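Asks: First the structure, then my questions, so here it is.
The values are calculated or read from the model by the stated rules, or taken from the named source; none is laboratory data. All figures in this text were calculated on a predicted structure; none of them were measured in a lab. Quick reminder, even Gly has a Cβ in these numbers, built from the backbone with ideal geometry, and neighbours come from all protein chains shown.
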Amino acid sequence: MLCVACHALLVALQIFWGIRITADLSMRTFPRFRAQRRNLMLGALASSFVPFSQALAGLTTYPELRLKLYNLHTTETIDTVFWQEGQYNLDALAQLSYLLRDHRTGAVKTMDARLFSLLYLVNTKLNNKNTVSVISGYRSAETNRKLATRNSGVASNSYHIKGRAIDIRIPGKDTKNLRDVGLKLRVGGVGYYERSNFAHFDTGPYRHW
Ligand SMILES: [Zn+2]
């Protein structure tokens with residue numbers, strides 16, 4: 001159950017922003033997920049209110065937004081509706097954040113909800129119905145430091161550390177097309193890693209590499 005203060009905060013924000021929030025506390029997808037769920041949900045609530053782009057704002061009129069992700073490192077999958085009837089489903093956002101945790105350390109961070117909206121938009125533009133394969137989501141500073149020393153393509157101030165980036169490929173789709181969709185959207189950062197066959201998306205300013 002949400003504590004009284006948390007509940008009051010939710011209600012106040014809902015009134016202030018005119019948005020209702022779904023907090024389905026009955027779902028149990030991952031065994032170690034329950035203890036971290038409340039913090040993840042509150043974090044998701046905060047990130048979901050920050051304006052990002054007009055392209056993503058258009059998605060708020062959709063009846064529902066669904067994502068299917070497969071984490072290549074943990075082999076966990078998720079098929080969830082994270083937006084429905086004009087509101088984010090905080091529990092779904094928390095589950096997505098858990099799936100995208102730093103698999104090397106087990107550290108979990110609330111992912112930027114707008115990243116999921118961006119992924120949905122990319123899927124739509126690609127007409128993709130397949131599950132999206134995740135190479136990397138959240139990276140702790142420790143993990144990012146280790147990767148950066150071994151690989152010049154890893155930025156020391158990566159958006160992965162902020163929970164605002166994801167590296168993906170989509171089975172059956174050309175990763176170059178995936179990158180091109182990101183470039184046309186002109187939303188956030190878009191990276192293309194041809195040799196490793198994945199594309200990077202983040203919710204920072206528009207840029208590409
Ligand atoms: Zn990346």
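Asks: What are the residues in the range 177-191 that are more than 24 Å from Ala94 (Cβ to Cβ), within 18 Å of the chain's Cα centre (by Cα) and more than 9 Å from the ligand (Cβ to nearest atom), if any?
Replies: Listed by number, the residues that qualify are Leu178, Arg179, Val181, Gly182, Leu185, Arg186, Val190.
Asks: Restrict the check to the range 153-176 and report whether at least one residue is part of a helix (DSSP H, G or I), within 15 Å of the ligand (Cβ to nearest atom) and in contact with a strand residue (DSSP E or B) (Cβ under 6 Å, 6 or more places away or on another chain). Show your work before the answer.
Replies: Taking the range 153-176 and keeping what is part of a helix (DSSP H, G or I), we get 175-176.
Subsequent filtering for residues that are within 15 Å of the ligand (Cβ to nearest atom) retains 175.
Next cut, in contact with a strand residue (DSSP E or B) (Cβ under 6 Å, 6 or more places away or on another chain) only: 175.
Yes, the range 153-176 contains a residue that is part of a helix (DSSP H, G or I), within 15 Å of the ligand (Cβ to nearest atom) and in contact with a strand residue (DSSP E or B) (Cβ under 6 Å, 6 or more places away or on another chain).
Asks: Now, a different point. Can you tell me which of (1) more than 16 Å from the ligand (Cβ to nearest atom); (2) over 22 Å from Gly204 (Cβ atoms); (3) within 16 Å of the chain's Cα centre (by Cα) is the one Glu85 doesn't meet?
Replies: (3)
Asks: On to the next question. Quick one: which of Thr124, Thr149 is β-branched (Val, Ile, Thr), away from the ligand (no atom under 14 Å from the Cβ) and either modelled with pLDDT of 95 or more or closer than 27 Å to Met41 by Cα (or both)? Even if it seems obvious, please write down each step before you answer.
Replies: Working: Thr149 fails: either modelled with pLDDT of 95 or more or closer than 27 Å to Met41 by Cα (or both).
Selected residue: Thr124, the only one of Thr124, Thr149 that is β-branched (Val, Ile, Thr), away from the ligand (no atom under 14 Å from the Cβ) and either modelled with pLDDT of 95 or more or closer than 27 Å to Met41 by Cα (or both).
Asks: Take Ala92 and tell me if it is hydrophobic (A, V, I, L, M, F, W, C), closer than 25 Å to Phe33 by Cβ, more than 16 Å from the ligand (Cβ to nearest atom) and buried (at least 21 other Cβ atoms within 10 Å of the Cβ). Give the steps one after another, and end with the answer.
Replies: Values: hydrophobic (A, V, I, L, M, F, W, C): yes; closer than 25 Å to Phe33 by Cβ: yes; more than 16 Å from the ligand (Cβ to nearest atom): yes; buried (at least 21 other Cβ atoms within 10 Å of the Cβ): yes.
So Ala92 passes the test.
Asks: Give just the number: which of (1) in contact (Cβ under 8 Å) with a residue 40 or more places away in the chain; (2) away from the ligand (no atom under 16 Å from the Cβ); (3) over 20 Å from Gln36 (Cα atoms) does Thr77 not satisfy?
Replies: Of the numbered conditions (1) in contact (Cβ under 8 Å) with a residue 40 or more places away in the chain; (2) away from the ligand (no atom under 16 Å from the Cβ); (3) over 20 Å from Gln36 (Cα atoms), the odd one out for Thr77 is (3).
Asks: Cβ-Cβ distance below 6 Å, separation of 6 or more or different chains: which pairs start in the range 156-168 with a residue that is polar (S, T, N, Q) and end on one that is more than 9 Å from the ligand (Cβ to nearest atom)?
Replies: Cβ pairs passing all conditions: Ser156/Ala148; Ser158/Asn144.
Asks: In addition: Please indicate, with yes or no, whether at least one residue in the range 157-170 is farther than 21 Å from Lys68 by Cα and at pLDDT below 95. Spell out the reasoning first.
Replies: Kept after step one, since they are farther than 21 Å from Lys68 by Cα, are these residues of the range 157-170: 157-159, 161-162.
The next check asks that each one be at pLDDT below 95; those that pass are 157-158.
So far as the range 157-170 goes, yes, one or more of its residues are farther than 21 Å from Lys68 by Cα and at pLDDT below 95.
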